[in-house]
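Read-outs: derived from the displayed coordinates by stated rules, not from any lab. Fair warning: this is a prediction, and the values are worked out from it, not measured in the lab. Every residue, glycine among them, receives a Cβ derived from its backbone with ideal geometry; neighbour counts consider all protein chains shown.
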C-alpha cells in the first residue's frame, strides 16, 4: 500500500466517531434507497402478474337493472374479448356482532373468466343457486369469520342466511373501499362477498337481470376509445357509468401507493446523501486547511496538484463506498421482509419475491457522484496551497476588531475578558463559526422535518375533520330518500344539526382530460361542510357552479372561473357546461361540490337525497341500527381509527426516521465541534500555559457553541420549512389527488425540535469536555509534526 | 578541470505585491551552482535567502530573469514540468523537519521514493542516516535530531541531483546540528549530490566549498573555500 494511503487510513482511524457518523448517514440513505426501490419494484411486478394471471378486467360498467342479454351485447363489439354480466349491490350483513357491516355483493360466473379469485381457504361457491358466499379474506379476518360460518344477508329488511365457503383475495379489491371518498380500507365495516349469479338474482329480486359488467379487451385496443364507444352505444340501454382499469378505484389507489413508495425511495436517500455530502465537505475542506504544511511538503517533494487532490478525494470515497456497500447490503437483507410486509398489507398474493440488483449500480453511482463531487469541491483548496507553505508555519490570522467593538465600543468596554475572547474568536474565525452554525441548523432542520412527518397525519385529520368536515356522522341510504327522513331521524336521536346531501356520479371533462367522480350536492347554507379557498378563506357554497378540490382541479387542468363539461347517466347523457367557482382545499380525498339547486339543474332531481351529514352526541350507529334503507353510517372517529391503523406502518417508519435524525444531528454537531477542537489544540495549549484552567477553556468552547446554537436555531427554522416543502413536493411529484399536505409546521414542533437540538448540543459538549480534559498542552505546543 | 554548471541564475528578481507596498525580495541576482559542490548561502532574516531557495527548488517563480537547470530554463516550465522538476531533481530539508505524524520513519521516506522510477533503497538510506534500528518508529517517538535524519533520508532517497536545506540545523541543539551537517557532507561526497544549505549561522560557512552572502536581496559576497573544514570541527 502506498504511504499516502496508509496516512489516509490512519487519519480516518484516528477520528473514528467523526468519520463513522458520515459512513452511518450514507449507509442509512442507501439502505432506504435499495429496500424501498426493491419493494416498489416487487409490488409493480407482483401486481402485474396478479392482474395477468387472475385476468383483471379492462373495463368496468355500471348499469341500471337490465336483462343479462343487454350486457352480453357488449361482447359483440369486436374490441371486446370477454364480457361477464354481474350483479353488484351493497347490502348489510349480520355477522353476529352488534353493528352490521356493509357487504358489497359481487356475482361470479361459473368459470371465472374475468377477475378470478385467489382462494386462501375453502372453495368458491360456483354451483348454480348454491347458498354459499366467498368473503374477502381481510373482511373475514377483521370480523372473525372463517369457512363454514353462517352469516345473514339483510336485503329489503329480510334475512338470507348463507354459508361462508371460501376466504379469497381479488385483483378487483386489493384496496377494498366503498368509494373514493372512503380513501382507506375499513375491513371491519366494509367487505366484499362473492356469490354465484343465480343466487344473487334471487336474493336481489332481479331475475334474468344484471346491473354491472366487466370486460377484457383484445390486446392492443385503446381502452378509453372502447369506453367512449360503449358509453355512446349503450346510452339508452341503461348504462350508468363506465371506467377503464386506470380509473378503477382499487387499481388507482394501489398505483398511487407504489408511485409514492418510488418517490420516497428517491427523496429520502437524496436528503441523507445530501447531508453526508455536506458533512464530507466540511470535514475535508477543514482537513485541507489543517494539512497546509503537509500539502506543501507533498508538493515540494514532487507530488502534483492532481495527486494531492486525489488523496483527499480518496478520503471522500473511503467514507462513501463502505457506507454505500453496507447500506446496500442491509437494504437487500431488509428488502425481502419489507416486500412481504407490503404485499401482506395490500393483500397481494405472494407470488414471488425477487431482488433487483440494478439498484446496486444506481446506489453506488449516486454515492460516487455525491461524495466524489463534494470531495473534489472540498479538495479544491489544495490548489491554493503553494509548495513553499512547507517552509513556514501558517501566519497567524490578522487580529481585527470585531464588529461589536466597532459598533458599540461602550458595551465592548464593559464586556469581561473571557467573553471578549469568545466574541473576538467568533469574529476572527467566521468560517469556523459559520460551519458550526450550519451544523446546528441542519440538525434542527432535520428534526423539524421528522417531527412534521410524524405529526403530518394528525395534522391532516385535524384540518379535515376539525375545520372542513365538522359533522360527526355521515349516513348513506341504499335508496334515495326525501326530506321526510330528516324528521324521522331527528325523532330517533338527539341531533344538533342535520343536513341532507345528494351524491351522483359524473363524468367531468375539460379538453382532453377527464375524470369520473362522485359529486356531492349540499344546501348552500351548509354548516357541517365548510370550504376553504386557495387563499385560506372560508367561502360559502354558491347556488350556481361547482367547487373542485385542489388535486382534482390540477389533474383536470382547471382553475377558478373555467368551465367544465359534466355529464352522467342521470342527465341522460346530456352534457352541461358548469363554471368552477372556486378551487378548494381538501386535505384528505378529493371532491366535487355543488348546491342542491345546481344538482337539480343538472339532473332534474329535486327533493331527493342519498344521505345526510349530522352532528350528534348520541351513538348514531346504534340509534339507526334498526332503520331500513341505511347503507352505511360513518363517524369521523371511524375514519380517524382507519387512518391510525393504516398509520401503524408509517409511524414505525417515521419513528426510525426521528431516531436517525437525532443520530444525524449528533453526528453533524459532533463533527463540527470536534474538528474545531482539533484545529485549536495549539491555541488552547497557549491558554493553558497562560494559566487558563481546563474548565475555563471548556467554558470558552461552550460559549462559542452557545452563539452557534442560537444562530443555528434561527437559521434552521426556515431551513426546516424548506426541507418540509421539498419533501412534500417530492412526495406529490406525480400529482396526488388523494391528499393535500399542508406544509404548516406547528409552533410545538419548532419548540420540541429546538429542545432536542439543545440536548444534542449538550451531548456534544460532554464529548468536547472529554477532549479538553485529555488535551496534552505541552505536546501540542512543541509539535513539529503535520 | 572545468566544473560542470548544474544551475545557472541569470538576473533573478522577485517582487512581492503586498497591496499598497511592493517588497523586492531578490534584486537581479546572478550566480551559478556547480555540480557536486556543497554551497552555503548566508544571510540574516529578510535577506531573501528563503526566496532564493524556493525559486531554485521550483516552488516559486521569479518575477524577472532566467534559471537554467542542466541547460533547461525552468522559469519557462508549466505547472506539471515544475512538479516533475521537483520530483526528479530536487530534495528538500526543512528547518522544522515537517514529517507526517501518522507515518513511520520508513513510510515517510517511502512517500518520496514512490514518486520516482529509480529511488535508492529506503532501508539503506535510513541505515545510512543512522536510523537502522528506528525505521518503524513514528515521528513522535523520535528525537528532533532523529526526525531531521528522517527528513534528510526522505530528501535523498529520491536520488535527486540537488539537495536543498533550509536552516536544517535551526531547530537542533549544537551537537545534533553538527551531526546533521556531517551527514550532509557525507551525502555530498558519497552520492555526489549537490548540496545547498541556507542559514544565518556564519559558522556553517566554514564547511562549504563555496559561500554566497546575501543582504537585502543582493549578493554581497561570493567566494570559494579552498579548504573546507570537516563539520565536526565547526564551533558556534
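Rounding to the nearest 10 and keeping the result within 0 to 90°, find how far the Cα-based axis of helix A:681-690 lies from the longest principal axis of chain A.
Rounded to the nearest ten degrees, it is 50.
If you average the sequence gap of Cα pairs under 8 Å that are 6 or more apart and divide by the length of chain A, what percent do you get for the contact order?
Values: 1372 pairs, mean separation 128.7, N = 786.
Computed value for chain A: 16 percent relative contact order.
Taking chain A as the reference, fit the longest principal axis to its C-alpha atoms, fit the long axis of helix A:694-731 to the helix C-alpha atoms, and give the angle between the two in degrees, 0 to 90, nearest 10.
Relative to chain A, helix A:694-731 is tipped by roughly 30 degrees.
Using the eigenvalues of the Cα gyration tensor, what equivalent ellipsoid semi-axes result for region B:57-176 when each is taken as the square root of five times the eigenvalue, whole Å, largest first? Let's see the in-between values first.
Details: eigenvalues 156, 53, 26 Å².
Working through the eigenvalues yields semi-axes of 28, 16, 11 Å.
Using 7 Å Cα-to-Cβ label points, what is the residue B:141/residue A:562 separation (nm, one decimal)?
Those two pseudo-labels are separated by 7.7 nm.
Between rounded, prolate and oblate, where does region A:473-616 land on the alpha carbon gyration tensor, with a ≥ b ≥ c its root eigenvalues, rounded for a/c under 1.5, else prolate if a/b exceeds b/c? Please list the in-between numbers first.
Numbers: a/c = 2.22, a/b = 1.43, b/c = 1.55.
In terms of gyration-tensor shape, oblate.
What number results when the radius of gyration of region A:5-142, computed over Cα atoms, is divided by 2.2 N^0.38 Å?
Numbers: Rg = 26.8 Å, N = 138, 2.2 N^0.38 = 14.3 Å.
In units of the globular-protein estimate, region A:5-142 measures up at 1.88.
Between the alpha-carbon centers of region B:7-45 and region A:687-704, tell me the distance in whole angstrom.
45
Work out, in µm²/s and without decimals, the Stokes-Einstein translational diffusion coefficient of chain B at 25 °C, 0.890 mPa s, Rh from Kirkwood over C-alpha pairs.
On the way: Rh = 18.1 Å.
Answer from the Stokes-Einstein relation: 135 µm²/s.
Restricting everything to alpha-carbon atoms, can you work out Rg to Rh for region B:141-198 with a Kirkwood hydrodynamic radius? It would help to have the intermediate numbers written out before the result.
Working: Rg = 10.8 Å, Rh = 11.5 Å.
The Rg/Rh ratio comes out at 0.94.
Quick check: the distance between the Cα centres of region A:111-164 and region A:427-467, to the nearest angstrom?
That distance is 50 Å.
Find the relative contact order for region A:473-616 and round it to a whole percent, using C-alpha pairs within less than 8 Å whose residues are 6+ positions apart.
Numbers: 304 pairs, mean separation 55.3, N = 144.
Rounded, it is 38 percent for region A:473-616.
Please state the relative contact order of chain B as a whole percent: Cα pairs under 8 Å, 6+ residues apart? Each step should come with its number before you reach the end.
Details: 482 pairs, mean separation 61.6, N = 236.
Contact order relative to length: 26 percent.
Report, for the protein assembly as shown, the % of DSSP beta bridges that are antiparallel, rounded to 5.
Numbers: 99 of 137 bridges.
Among the beta bridges of the protein assembly as shown, antiparallel pairing accounts for roughly 70 percent.
Working only with C-alpha atoms, what are the Rg and Dmax values of region A:261-303, expressed in angstrom?
Final numbers for Rg and Dmax: 17.2, 53 Å.
What is region A:446-546 by shape, rounded, prolate or oblate, if you read a ≥ b ≥ c off the alpha carbon gyration tensor as root eigenvalues and call it rounded for a/c under 1.5, prolate for a/b larger than b/c, and oblate otherwise? Provide the component values of the computation, followed by the final result.
Working: a/c = 2.07, a/b = 1.31, b/c = 1.59.
It is oblate, given that a/c is not under 1.5 and a/b is not larger than b/c.
Residues of B:57-64, mean number of Cβ from any other protein chain within 10 Å of their own Cβ, rounded to a whole number? Before the final figure, lay out the partial values.
Details: counts 4, 4, 9, 4, 0, 0, 0, 0.
Taking all residues of B:57-64 together, the mean is 3.
What average number of partner chain Cβ atoms lie no more than 10 Å from the Cβ of the residues making up A:293-299?
Details: counts 4, 5, 0, 4, 11, 4, 6.
Counting other chains' Cβ atoms within 10 Å and averaging over A:293-299 gives 5.
Quick one: what do you get for the protein assembly as shown if you divide its Cα Rg by 2.2 N^0.38 Å? All intermediate terms of the calculation are to be shown ahead of the outcome.
Values: Rg = 41.2 Å, N = 1022, 2.2 N^0.38 = 30.6 Å.
Normalised by 2.2 N^0.38 Å, the Cα Rg of the protein assembly as shown equals 1.35.
Kirkwood Rh over alpha-carbon pairs of region A:53-249, then Stokes-Einstein at 37 °C and 0.692 mPa s: what D in µm² s⁻¹, rounded to an integer? Write down the numbers at each step before the final one.
On the way: Rh = 17.0 Å.
It diffuses with D of about 193 µm²/s by this estimate.
As an exercise, find the ratio Rg/Rh for region A:85-178 from alpha-carbon atoms, using the Kirkwood inverse-distance average for Rh. Walk me through the numbers on the way to the answer.
On the way: Rg = 12.5 Å, Rh = 13.6 Å.
Radius of gyration over Kirkwood radius for region A:85-178 works out to 0.92.
Distance from the Cα centre of region A:581-601 to that of region A:298-368, in angstrom?
47
Taking only Cα atoms, what is the 0 to 90° angle, nearest 10, from helix A:16-53's long axis to the longest principal axis of chain A?
Here the helix axis deviates by roughly 20 degrees.
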